[in-house]
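A.B. asks: Take a look at this one; I'll ask things after.
The values are calculated or read from the model by the stated rules, or taken from the named source; none is laboratory data. No experiment lies behind these values; they were computed from the predicted model shown. Cβ placement follows ideal geometry from the backbone for every residue including glycine, while neighbour counts extend to all protein chains displayed. Protein only, heavy atoms only, side chains kept; ligands, DNA and RNA dropped before computing areas. Shrake-Rupley method; radii C 1.70, N 1.55, O 1.52, S 1.80 Å.
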Amino acid sequence: MAKEITDANFQELLAEGKPLVVDFWAPWCGPCKMISPIFDELAEEYADRIIAGKVNVDDNDETCAAYGIMNIPTILFFKSGELVHRQVGAIRKPDLQKLFEELL
């Protein structure tokens, strides 16, 4: 299961130095609901190598504004604290898994 990421803990997770994958979502978002089980499955599969979590856009304005989140779902990929990839919109599992692998 993916971690819950909030404005309060985002910078702390980013500073850990482990690759970080963040899914920006909302409970009312249809495409978000589509990818949620896929994201959770990959979060579990890669839990020993990647921190994977979700930011609810309705509750975390600061982090959303900092990264210019305008559409959801948006998945951000961070390596060594730096943003290296932005995926906007729903994505199939093989394609998302490839992005997780490339982050390593």
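A.B. asks: Would you pick out the residues in the range 51-71 that are hydrophobic (A, V, I, L, M, F, W, C), open to solvent by 40 Å² or more (accessible area, probe 1.4 Å) and in contact with a Phe, Trp or Tyr (Cβ under 9 Å, 6 or more places away or on another chain)? Full working, then the answer.
C.D. replies: Let us first name the residues in the range 51-71 that are hydrophobic (A, V, I, L, M, F, W, C), namely 51-52, 55, 57, 64-66, 69-70.
Okay, now just the ones that are also open to solvent by 40 Å² or more (accessible area, probe 1.4 Å), so 65-66, 70.
Matches in the range 51-71: ALA66 only.
A.B. asks: Kindly evaluate VAL84 against the criterion of being surrounded by 13 or more Cβ atoms within 10 Å (Cβ to Cβ), in contact with a Cys (Cβ under 8 Å, 6 or more places away or on another chain) and closer than 20 Å to GLY17 by Cβ.
C.D. replies: no
A.B. asks: If a residue must be within 16 Å of GLY89 (Cβ to Cβ) and not hydrophobic (A, V, I, L, M, F, W, C), how many such residues does the range 1-37 contain?
C.D. replies: Count: 5.
A.B. asks: Please count how many residues of the range 6-29 are aliphatic (A, V, I, L, M) and either assigned to a loop (DSSP other than H, G, I, E, B) or at pLDDT below 95 (or both). I'd like the intermediate steps shown before the answer.
C.D. replies: Of the range 6-29, the ones aliphatic (A, V, I, L, M) are 8, 13-15, 20-22, 26.
The next check asks that each one be either assigned to a loop (DSSP other than H, G, I, E, B) or at pLDDT below 95 (or both); those that pass are 8, 13-15, 26.
So the count comes out to 5.
A.B. asks: Return the total of residues in the range 30-50 being open to solvent by 10 Å² or more (accessible area, probe 1.4 Å) and either part of a helix (DSSP H, G or I) or touching a helix residue (DSSP H, G or I) at 6+ places or on another chain (Cβ under 6 Å) (or both).
C.D. replies: The total comes to 11.
A.B. asks: Restricting attention to the range 55-76, which residues are out of contact with any Ser or Thr (no Cβ under 9 Å at 6 or more places or on another chain) and hydroxyl-bearing (Ser, Thr, Tyr)?
C.D. replies: Passing the criteria: only THR74.
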